[in-house]
Amino acid sequence: MRETGILLPVSALNSKYGIGSFSKEAYKFIDWMKEAGQGYWQILPMGPTSFGDSPYQSFSSFAGNPYYIDLDTLVEEGLLNVDDCLVDFGKDERMVDYSKIYNNRIPLLKKSFLRFKKDESYYSFLSKNAFWIDDYALFMTIKEENGGKSWQYWDKDYKNREKEAIKKIREKYSDKIEFWKYLQYKFFQGWNKLKSYANKQGIKIIGDIPIYTALDSADVWSLPELFQLDENKTPTSVAGCPPDGFSEKGQLWGNPLYKWETHQRSNYDWWKKRIRNAFEMYDVLRIDHFRGFDEYYSINYGDPDATNGKWEKGPKNELFLEIKRSEGEKSIIAEDLGFMTDSVKELLKKTSFPGMRVFQFGFDARDTGAQSDYLPHNYIKNCVAYTGTHDNPTIVSWFFEITEEERKMVRAYLCDEYTPDSEINKPIIGAVMRSQASLVIIPLQDYLGYDSRARINTPSTQAGNWLWRISKNDLNDELKEYILKITSITGRKNKKAI
């Protein structure tokens with residue numbers, strides 16, 4: 001069955017508290033999607049973010065972002081008063097002000113914690129998630145007591161998790177440790193309720209996990225043996241991408257690389273827990289940088305850029321076979337964008353995971369042929385098609401940014417000479433929707449026809465990302481009817497949602 005959905009981060013939802021959350025606006029968005037005939041809502045990773053606010057650099061591979069806890073729900077539960085929430089979360093409806101969210105939201109959540117009474121549900125949650133939440137809460141407590149510094153700069157007793165030092169921290173800061181556990185309880189309580197509502201409306205959630213963890217994370221601190229670290233717990237090699245046509249010096253991500261032989265000896269236990277946890281949160285899972293499971297790019301720690309890195313062998317299909325044996329068949333989307341070697345293509349074939357096709361990648365003045373896998377007429381059924389992703393410009397901005405020759409290629413491909421440039425999103429969306437791809441996901445900004453001001457992320461840049469939000473007027477009846485019409489015409493209407 002050919003289906004369709006919308007890409008929109010939770011943070012980009014409209015709300016009165018400065019950032020999208022599990023609020024009534026999220027429920028309204030689900031209702032609006034249902035009426036527009038959509039069957040999937042794709043979001044970005046929801047882990048607690050660190051400096052730079054990227055959801056792909058999180059303090060934990062298992063925890064949730066406390067920013068998404070709905071403050072109105074805490075008021076309804078008597079954990080906050082209405083007046084407590086009358087603080088400055090930013091004045092721009094369109095942009096998240098992370099500094100104000102950081103400085104003003106956590107104090108509010110601490111106030112709600114003081115009024116919280118533990119019950120059987122809370123203790124059951126802690127028991128179920130004990131394999132990660134104890135270390136995470138301890139990690140966040142020590143980090144807070146160290147002014148937010150990375151664990152690599154903590155006193156060696158804490159950095160190395162010396163038993164006596166950890167015992168003293170647990171005793172001295174037991175309430176603070178409990179606070180970080182409480183936040184996770186409230187996060188998952190709110191998310192599980194929202195996801196359940198979406199599923200009842202016939203909408204599935206597509207989640208997203210990065211292949212790598214952040215160096216400054218509870219994962220690396222508590223399980224250093226799983227990563228390529230030296231005896232001082234300093235990375236020996238880090239992740240990135242080699243130089244290419246888009247980046248002369250490549251991309252230096254800085255994430256510690258996995259010590260795959262250690263994972264293999266444990267039958268990939270940590271990965272199985274991670275995937276299991278993800279599928280308790282989502283219906284479908286997109287795994288970022290799928291190529292890294294076949295071969296990963298290794299850069300010596302301390303190198304100024306990615307030019308001197310080298311390719312190393314990854315776990316290949318052995319990891320996914322072990323996950324399948326443990327967790328059963330799972331709906332996974334492989335992010336297979338960029339240059340794919342024959343061995344990566346073979347790995348994708350073995351797993352049977354659908355890969356991704358992005359319209360924007362189908363036009364290059366250096367290649368005037370019609371053979372690109374990214375052109376809609378070449379999409380196979382077993383793929384997920386996009387106009388663009390969170391890492392791309394909006395489709396309208398992209399059209400203005402490409403060369404004149406490439407714009408002519410797009411026009412020729414669409415057989416469209418007359419649509420105004422500012423409305424080119426419509427025939428492009430139509431072309432993608434008419435493809436054979438079993439699933440099409442369109443970023444909401446592309447449906448809206450917005451320019452670069454609505455871009456989510458520009459890779460390899462530090463500032464100005466993860467900020468954009470929809471306004472309360474964006475989800476109007478006119479747009480809803482347009483989406484429903486093109487969804488119906490192309491045979492992708494979700495009858496379960498309707």
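Every number here is computed from the coordinates shown, using simple stated rules; none is lab data. Treat the numbers as computed from the prediction; the structure is a model and nothing was measured. Cβ: placed from backbone, ideal geometry, glycine included. Neighbour counts: every protein chain shown.
Things worth noting here:
- Acute angle (nearest 10 degrees) that the helix 174-200 long axis makes with the longest principal axis of the chain, alpha-carbon atoms: 30
- By definition, a body whose alpha carbon gyration tensor gives a ≥ b ≥ c is oblate when a/c is 1.5 or more and a/b is not larger than b/c, and region 66-153 fits this oblate description.
- Percentage, to the nearest whole number, of Cα pairs in region 146-265 over 25 Å apart: 48
- Among F22, Q38, Y212 - extreme Cα towards positive end, dipole of region 3-489, charges at beta-carbon: F22
- Most to least packed among 66-77, 417-428 [average Cβ atoms within 10 Å]: 66-77, 417-428
- With contacts taken as Cα pairs under 8 Å and at least 6 residues apart, region 145-280 reaches a relative contact order of 17 percent.
- Segment N232-K249, length gained on full extension (0.36 nm per residue, minus Cα span): 3.3 nm
- Relative contact order computed over the chain (Cα-Cα under 8 Å; 6+ residues apart), in percent: 20
- Dipole magnitude of the chain, debye to nearest 20 (Cβ charges: Lys/Arg +1, Asp/Glu -1, about Cα centre): 1480
- R0 of 41 Å, Cβ-Cβ distance K167-N81: FRET efficiency to nearest 0.05: 0.65
- Here E478 and K128 are evaluated by their C-beta separation; at R0 = 51 Å the FRET efficiency comes out at 0.70.
- Gyration tensor verdict on region 1-70 (Cα atoms; rounded if a/c is under 1.5, prolate if a/b is larger than b/c, oblate otherwise): oblate
- Averaging the Cα positions of each part gives two centres, and for region 99-171 and region 354-413 these lie 45 Å apart.
- Shape category assigned to region 365-461 from the gyration tensor of Cα positions, a/c cut at 1.5: rounded
- Förster radius 22 Å - calculated FRET efficiency between F400 and Q436 (Cβ-Cβ, nearest 0.05): 0.15
- Estimated distance in nm for a label pair at K28 and W311, the labels positioned 7 Å out from Cα along Cα-to-Cβ: 5.0
- Cut-off under 5 Å, modelled amide H: who pairs with R357 long-range: V384, A385, Y386
- Dipole of the chain, positive end: most advanced residue of F179, T487, I456 [Cβ charges, Cα centre]: F179
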